[in-house]
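Down below is the structure, laid out as structure tokens.
Derivation of every value follows stated rules applied to the coordinates shown; laboratory data play no part. Keep in mind that what you see is a predicted model, and the values were worked out from it rather than measured. In this analysis, Cβ positions are derived from the backbone assuming ideal geometry, glycine residues included, and neighbour counts consider all displayed protein chains.
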Amino acid sequence: MALSEQTRAAIDQLVARYPERRTALLPALKLAQADAGWLPPEAIAEAADLVGVPHSAALELAAFYTMLRTEPGPPTRVVVCAQLPCALRGAEGLIRELTHGLAAQIAAGSVEVERTAECFGACHRAPMARLNDAYRENLDADGRQRLIAEIAGQ
Amino acid sequence: MTVALDYAPVLLPHPGRRTPVSLTEYRADDGYAGWAKALKTMTPEEVVEQVKASGLRGRGGAGFPTGNKWGFIPKAVGAKYVAVNADESEPGTFKDRELIEVEPHRVIEGVALCCYAIGAETAFIYIRGEYVEAADRLEAAIAEAEAAGLLGQGCLGTSVNVRMLVFRGAGAYICGEETALLESLEGRRPMPRSRPPFPAVEGLYRRPTVINNVETLANVPAIIDRGSGWYNSIGTPPRNSGPKIFCLSGRVNRPGNYELPLGAVTIRELIDDYGKGVIGGKAVKGVLTAGVSAPILTADKLDTKLDYDSVQAAGSMLGSASLIVLDEDTCIVRAATLMEEFFRHESCGKCTPCREGTSWLFKILSRIENGRGAPADLELLLSLSGEISGKVLCALGDFATSPVVATIKQYRAEYERHIEDGKCPFAPW
Ligand SMILES: Cc1cc2nc3c(=O)[nH]c(=O)nc-3n(C[C@H](O)[C@H](O)[C@H](O)COP(=O)(O)O)c2cc1C
Ligand code: SF4
Ligand code: FES
């Protein structure tokens with residue numbers, strides 16, 4: 001079994017929560033992803049079985065949503081928004097500084113710095129980045145150094 | 001020049017606050033008074049009539065009259081649903097996030113009133129996956145309201161049942177399109193449905209469903225508590241009634257959410273008086289008013305009033321009122337390239353013209369920005385846009401052409417200069 005006992009129980013609970021079982025599919029995949037940090041094919045299949053849908057239905061979702069990962073990656077993921085409002089306030093500079101300041105961790109495969117064209121609804125606190133699931137906003141010169149130190153210290 | 005507005009915010013009455021307003025605080029400020037009033041003294045039809053009379057229009061982008069939308073729900077018994085659109089992914093938009101993070105109970109009260117008005121016992125609040133903090137706060141506030149007997153089985157001692165489920169997305173702008181949102185809730189790939197049938201007839205689980213934006217519903221508690229007459233003393237009725245949150249971002253000194261009556265200020269006043277002007281005192285080159293999804297307005301349109309009709313008359317859309325300010329140092333080709341990169345990333349892929357077209361538009365824009373554009377590229381961009389617009393299933397395809405068409409129309413010389421010089425004439429930013 002690819003999923004932990006705890007995750008299987010949580011998915012069973014989810015399924016009972018909704019008017020139709022299939023609504024639990026996306027939340028189930030998110031729970032499954034939390035187990036290993038990504039979604040190996042066996043985890044996708046098992047989540048589909050628990051919800052009671054064909055494996056292909058779960059695969060389709062795993063491939064569609066950007067927050068679902070079908071490949072393993074570094075444990076620390078920094079995603080910088082480079083959409084227009086952030087770009088107008090220094091997003092590209094932020095990406096350069098993070099890539100430079102975290103070069104050792106990136107080379108070691110423990111950190112990934114990614115640029116995205118998506119907006120995260122933090123344009124008034126630009127530039128910003130998501131550090132795994134948390135927001136880091138108003139990343140001026142000081143904020144950038146603090147973020148680099150925070151990640152390097154992990 | 002400052003617009004001395006004697007206006008007390010209704011939706012975000014605590015500007016600058018970052019912590020959530022608790023149930024106790026909210027109630028001390030007349031919170032849930034509208035909910036109690038509706039449950040105890042009004043029929044569902046009266047709630048719908050009150051919202052119709054208020055003139056409230058959808059704040060999610062399209063501006064559709066909310067009371068009319070509720071009135072379309074068939075009266076017949078059987079399951080009905082409310083789906084709250086908290087997917088907020090339009091670049092430049094961050095108002096629903098603040099509403100949920102700071103005023104979760106106002107949102108919940110609005111959702112409850114919508115459930116009562118249409119006879120729904122279950123509401124899904126579809127929140128974008130990245131809004132983890134907001135979703136956590138919302139769930140905590142729902143639990144608070146349930147514990148206080150405001151929600152759940154037998155709300156406030158009546159026979160009315162209301163259950164709210166927070167549903168977290170997983171990163172896809174298209175889920176903000178209302179029928180894709182329903183597909184996502186049903187556990188299917190979130191691609192828009194063709195209409196008819198409309199969601200009011202066959203929505204979630206093929207049952208009648210109302211889909212409303214967070215900010216739209218946040219207006220409803222005060223409308224029910226204080227009446228549509230009071231509501232119409234705000235803004236410029238009948239078509240532009242009530243308050244609106246304006247999201248201001250880009251090259252301004254103080255970006256943020258500013259709640260103001262519709263039609264009360266101009267774009268210039270919003271930038272100068274609320275945004276404290278353009279950074280470095282630079283001149284404005286253009287302003288986007290509906291995120292990246294509607295045509296850019298040039299600087300000669302800065303005296304346009306911020307309401308649905310005035311912005312439309314000026315040649316764009318108010319949409320979700322997400323104003324992005326571009327200054328004189330902003331390369332318009334680079335800006336258009338970034339906007340198109342968004343649509344290329346977010347096209348759901350169902351329609352070929354949108355899926356392939358957004359990719360092509362992005363590639364051509366990129367090569368112009370990088371100094372490798374050809375003189376024929378501008379006509380190519382325009383003709384490609386013509387192949388997308390109006391030939392696809394949902395509005396995303398149309399939105400995706402506006403960064404191209406509007407910028408070429410308004411700033412053609414800047415494009416030509418890139419092509420002639422073989423490089424971008426602006427300093428990188
Ligand atoms: C591509 C696309 C994305 C959209 N994104 C959102 C969104 O994030 N939030 C939202 O409220 N409406 C969004 N809309 C509009 C919704 O389809 C719908 O009109 C709205 O939720 C209705 O609520 P309202 O009447 O309260 O505005 C989007 C529309 C399209 C075509
Ligand atoms: S227009 Fe684009 S986003 Fe909309 S359904 Fe078609 S492919 Fe999907
Ligand atoms: S553009 Fe970066 S958060 Fe909105």
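Observations on the model:
- Cross-link table B:Lys95/B:Lys276; B:Lys363/B:Lys423; B:Lys75/B:Lys350; B:Lys350/B:Lys391; B:Lys276/B:Lys305; B:Lys363/B:Lys409, entries beyond 23 Å C-alpha to C-alpha: B:Lys75/B:Lys350
- Shape call, region B:242-379: gyration tensor on alpha carbons, a/c limit 1.5: prolate
- Placing a pseudo-label 7 Å from each Cα along the Cα-to-Cβ vector at B:Ala376 and B:Thr41 gives an inter-label distance of 7.2 nm.
- FRET efficiency, A:Glu71 to B:Ser366 (Cβ-Cβ, R0 25 Å, nearest 0.05): 0.45
- Averaged over the residues of A:121-132, the number of partner chain Cβ atoms lying within 10 Å of the residue Cβ comes to 5.
- Under-5 Å amide H pairs with A:Arg115, H placed in peptide plane, nonlocal only: A:Val80
- Descending by average beta-carbon neighbour count within 10 Å, the peptides B:145-154, B:293-302 line up as B:293-302, B:145-154, the highest first.
- Partner lysines for B:Lys282 [C-alpha distance under 20 Å; skip if fewer than 8 residues away on the same chain]: B:Lys301
- Simple spin-label estimate for B:Glu328 and B:Ala313 gives 3.0 nm between the two label positions (7 Å along the Cα-to-Cβ direction from each Cα).
- Net charge dipole size for region A:26-97 [Lys, Arg +1 and Asp, Glu -1 on Cβ; Debye, nearest 20]: 380 debye
- Build a GNM of chain B with springs between Cα atoms under 10 Å apart, and of B:Ser233, B:Ser159, B:Ser347 the one that fluctuates most is B:Ser159.
- In the protein assembly as shown, the DSSP beta bridges split such that about 45 percent are antiparallel, to the nearest 5.
- Chain A - mean residue ellipticity at 222 nm from DSSP helices (-39,500 (n - 2.57) per run, n ≥ 4, rounded to 500): -15000 deg cm²/dmol
- In order along region A:31-38, phi translates into HN-Hα couplings of 5, 4, 5, 5, 4, 10, x, 7 Hz, rounded to whole numbers, per the Karplus curve 6.51 cos²θ - 1.76 cosθ + 1.60 with θ = phi - 60° and x for Gly and Pro.
- Cα gyration tensor category, rounded, prolate or oblate, for chain A with a/c compared to 1.5: prolate
- Interchain or long-range residues, amide H under 5 Å from B:Glu259's placed H: B:Phe246
- Helix-only mean residue ellipticity at 222 nm for chain B, each DSSP H run of n ≥ 4 adding -39500 (n - 2.57), per residue, nearest 500: -11500 deg cm²/dmol
- Check: region B:246-303 dipole with +1 on Lys, Arg Cβ and -1 on Asp, Glu Cβ, in debye: 280 debye
- Whole-angstrom gap from region B:236-252 to region B:380-403, using each part's C-alpha centre: 27 Å
- Residue mean of other protein chain beta carbons inside 10 Å, B:177-189: 4
- Rounded if a/c under 1.5, otherwise prolate or oblate - region B:213-292, Cα gyration tensor axes: prolate
- When you restrict to C-alpha pairs under 8 Å that are six or more residues apart and normalise by the size of region A:1-123, the relative contact order lands at 21 percent.
- Tilt relative to chain A, helix A:41-51 - C-alpha long axis, 0 to 90 degrees, to 10: 50 degrees
- Cβ neighbours within 10 Å from other chains - mean over B:87-95: 5
- Gain upon complete extension [A:Ala104, A:Asp142; 0.36 nm per residue less C-alpha separation]: 11.6 nm
- Virtual paramagnetic centre 7 Å along Cα→Cβ of A:Glu112, amide N under 18 Å, in region A:32-46: A:32-44
- Where labels lie 7 Å past Cα in the beta-carbon direction, separation of B:Asp300 and B:Phe72 in nm: 3.9 nm
- Using the Cβ-Cβ distance between B:Lys276 and B:Ala148 with R0 = 45 Å, the FRET efficiency computed as 1/(1 + (r/R0)^6) comes to roughly 0.65.
- 3J(HN,Hα) along region B:26-38, derived from phi through the Karplus expression 6.51 cos²θ - 1.76 cosθ + 1.60 where θ = phi - 60°, amounts to 4, 5, 5, 9, 6, x, 6, 5, x, 5, 4, 4, 5 Hz, with x in place of Gly and Pro.
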